[in-house]
Amino acid sequence: MRFLIRLLGALWLTTLIVSVAFAWYEVHQDRQRLEDDLQRRATLTADAVREASERLVVRGAKTGYDRVLVRFGRADRAIAIYDAFGSVIDATADVRKGLGTISPLIGEAIQKNAPARAFAPVAGRSRLVYVLPLQDNDRPIGAVAVLLDADSLEASEWDLWRRTGVRFGVLMLLVTGITWLTVRWSVTRPVARIAEWTRQLKAGRPVAPPPEADASLFGSLATEVTSLARTLARVRLAAAEEARLRLSGESLWTEERLKQFVEIRFGERPIYVVSNREPLSHVREGRSIVEVQPASGLVTALEPIMLACGGVWVAHGSGSADQVVGDRVGLPTRDPAYTLRRVWLSEQEEAGYYYGFANEGLWPLCHIVHERPKFRADDWEQYRAVNAHFAATIVEEMEKAERPIVLVQDYHFALLPQLIKQARPDARVALFWHIPWPNFEAFGICPWQKEILLGLLGADLVAFHTQFHCNNFLETVERTIEGRIEWEDFTAVRGQHTTWVRPFPISVAPEVFETPVTDLATLRAELGVTAEWMGIGVERVDYTKGLPERMLAIRRFFERWPEYRRRMVFVQIASPSRTRIPRYQALQQEVRETVRTINEALGERGWVPIVYLERHHDHAEIRRYYRAADFCMVTSLHDGMNLVAKEYVAARDDDEGALILSRFTGASRELRDAYLVNPYDVEDVASALYQVLTADASERRSRMARMRAQVREHNIFGWAGLLMAELTKIPQPASVPRD
Ligand code: F6P
């Protein structure tokens, strides 16, 4: 209210000053104009009266003046004729008695022998008095005075001030009304709503900001409050979880515990993550730029760690609008917790390093899927060059950091550990290989196997998902390069440097659901699904994922158990991947064709067995499907871990749902309660599907509950904490020079 009064006071004062100034100017101009007009009329009349009366005065006539007065006098114009001594000879009757007030003016005009004028009250009215001397041979012999009524001048002046007053009053009313409404709609109401919204957030009820909050006035305020609320909600959830764990005596890894652990163990030592895939891409969509989270298990796993610990994530800037946004981005953009440092690659570099050596060479080399690797010398050169490029960027980033921690990710950067260690021996470097490591014979076909192994052994710690892959790796090192393998403690020793090789099965963050469970009916209606059962598959279109095999197994299921036609539908989310590689293009065609053929063969009016959604889906969208689906199929032909399996389990906080899982995934070693299958065996997978649909609900629930407990207990915070704990245990040589 006080604000409104102050605002109105300022507006009123301004309006008053402006109105008075303009009115004064107008009055002044108007008066000038009217005076000029009176003067002109007085001069004309005086000249005429002088002409008519001058001869009479010269002659000393005693009569004849009345004719002059009658001829020139009017109601608003009086005439007076004077002799040389300033005495009235004759004058218009209505002023005759009041002429005393203008005697000095008459005397002055006669004396100076020049016209004189003044405003004076005569006979009760204000008048302009204009006096013209009468002359005989230029000598003053008397004077004529013309008295024009000037009362109208005053009246018009007052009229103008009165009109100004009314105008001011109306203006005041309008200004007051409009200001009050504007303040109410644009300030008071939005502020009240924002206050109410903040109260809701404070109480832990996440509600969307009021629409007014988007206006330019409150935009930044709303953003700040939202980010504050998010942080508050995260902290509150973390604290609640901690308290719950403390009470139940559990020692689970949580985001908060990881943060504290890193603080205690590493203090101020900064963390650097390096991966090819960036956690967030900026992509052009028409005229705007949108944020896209890539379909990557690696990103799903590492993002929670960066959110918890902060640091710098160095990755390839591959989004179509990344360069516009810049090479350093605070993430998440709404509430930055860490920095993304983008590395730019030329087309040629990307083609050779990423599409070529990494994905046509190492990828098929490490997965047993009978896809022949392609090793091209040009690709290898680009791979080396890009590893050196990343190493230079990381070293530059770490310039001011003391004893930094570097977590290198995956098969794109086999040479990086050695390059980083050469430049920064004080850095602690771990490399996590997210895909399987083949046996030494299979690896032996790579022409640059020695360089790759030497590059990897630059790390203090090389980690895989399983002990089996650790063993394969150590055996490959033992048989390929000079050095000593200590099988008792799983280390590879070369000269002064020891590399520890350990299994750390990667995982996902325990799901915390702030939003209500998706309305399953809504999702099914969106998809046009009316069937009683719904299955889900979420994959990049990659030949390791066994998509055609899965589709054939679904077909087989419907052939063997036709009573499930129309009663079950399978939704496949397929994210296009590495589409510049011909093998991936061919696979895309093959999967589409397989789905089409099956749908044509088995589909009926109002029902298709497979709904194929071939586009990128973000995490939130995928989570809706996880929670709506009765079962999830993860049937990779070979996979280091396969986080989709764990994501699905983590999303089922209702303990419903079932998981059909390939026994050739890392995840199958932990999720023993899944329905394990051989993805190459169509009959086996079809039977598993039948088992899921016919299983007792309580059995399905208890299987899911056990899997959920496993994922919760071995979550991503534990993965990061244990990996970093291992890194600190590794003895560091006494002197670690910086360069
Ligand atoms: O599984 C190996 C891996 O590199 C993951 O780390 C990543 O999630 C996935 O493949 C995605 O591949 P890309 O980054 O080539 O799309």
Linear extension gain, residue 442 paired with residue 8, 0.36 nm per residue minus alpha-carbon span
147.9 nm
Once the mean of 1/r over all distinct C-alpha pairs in segment 550-592 is inverted, the Kirkwood radius in Å reads 12.3 Å
Might you work out the accessible area of residue 161 for me, using a 1.4 Å probe with all protein chains in place, and round it to the nearest 10 Å²?
80 Å²
Within the chain, the percent of DSSP beta bridges that are antiparallel, given to the nearest 5, stands at 50 percent
Using alpha-carbon coordinates alone, the radius of gyration and Dmax of the chain in Å work out to 47.9, 153
For a quick protection proxy, order the peptides 353-360, 554-561 by their average other-Cβ count within 10 Å, most packed first.
353-360, 554-561
How much length is gained if the chain between residue 396 and residue 28 is pulled fully straight, taking 0.36 nm per residue apart and subtracting their Cα-Cα distance, in nm to one decimal?
124.9 nm
Could you rank the peptides 112-122, 382-392 by their average count of other C-beta atoms within 10 Å per residue, with the highest value first?
382-392, 112-122
Going toward the positive end of the dipole of the chain, with +1 on Lys and Arg Cβ and -1 on Asp and Glu Cβ, which of 160, 702, 409 do you reach last?
160
Quick check for you: with a 1.4 Å probe and neighbouring chains kept, what is the accessible area per residue of the chain, in Å²?
47 Å²
Given unit charges at Cβ for Lys, Arg (+) and Asp, Glu (-), the dipole magnitude of segment 530-653 about its Cα centre in debye, nearest 20, is 100 debye
How high is the FRET efficiency from residue 96 to residue 160, r the C-beta distance, R0 25 Å, rounded to 0.05?
0.15
Once amide hydrogens are built 1.01 Å from N within the peptide plane, the residues lying 5 or more places from residue 337 or on another chain with amide H under 5 Å from its amide H are 331
I'd like to compare 83-93, 678-688, 692-702: which one has the highest average count of other Cβ atoms within 10 Å, and what's the full order after that?
678-688, 83-93, 692-702
Roll a 1.4 angstrom probe over the protein heavy atoms and tell me the percent of accessible area of the chain that is carbon or sulfur.
54 percent
Expressed in nanometres to one decimal, the distance between label points 7 Å along Cα→Cβ at residue 47 and residue 260 is 10.8 nm
Estimated FRET transfer efficiency (residue 370, residue 698; beta-carbon r; R0 41 Å; 0.05)
0.50
Tell me, how many Å apart are the Cα centres for segment 100-171 and for segment 312-328?
86 Å
List the residues whose amide H sits under 5 Å from the amide H of residue 607, counting only those 5 or more places along or on another chain, with H placed 1.01 Å from N in the peptide plane.
none
Distance from segment 50-66 to segment 546-584 (C-alpha centre basis), Å:
129 Å
Using a 1.4 Å probe and counting only protein heavy atoms, arrange 94, 630 so the residue with the most accessible area comes first.
94, 630
Full extension from residue 63 to residue 139: what is 0.36 nm times the residue separation minus their Cα-Cα distance, to one decimal in nm?
25.1 nm
Long-range lysine pairs (8 or more apart or interchain), the chain, Cα under 23 Å:
10
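The values are calculated or read from the model by the stated rules, or taken from the named source; none is laboratory data. Only a predicted model underlies this, so the values are computations on that prediction, with no experimental measurement involved. Here the Cβ is made from the backbone with ideal geometry for all residues, glycine too, and neighbour counts use every protein chain on show. All accessible areas refer to the heavy atoms of the entire protein, side chains included, with ligands and DNA or RNA removed. Shrake-Rupley method; radii C 1.70, N 1.55, O 1.52, S 1.80 Å.
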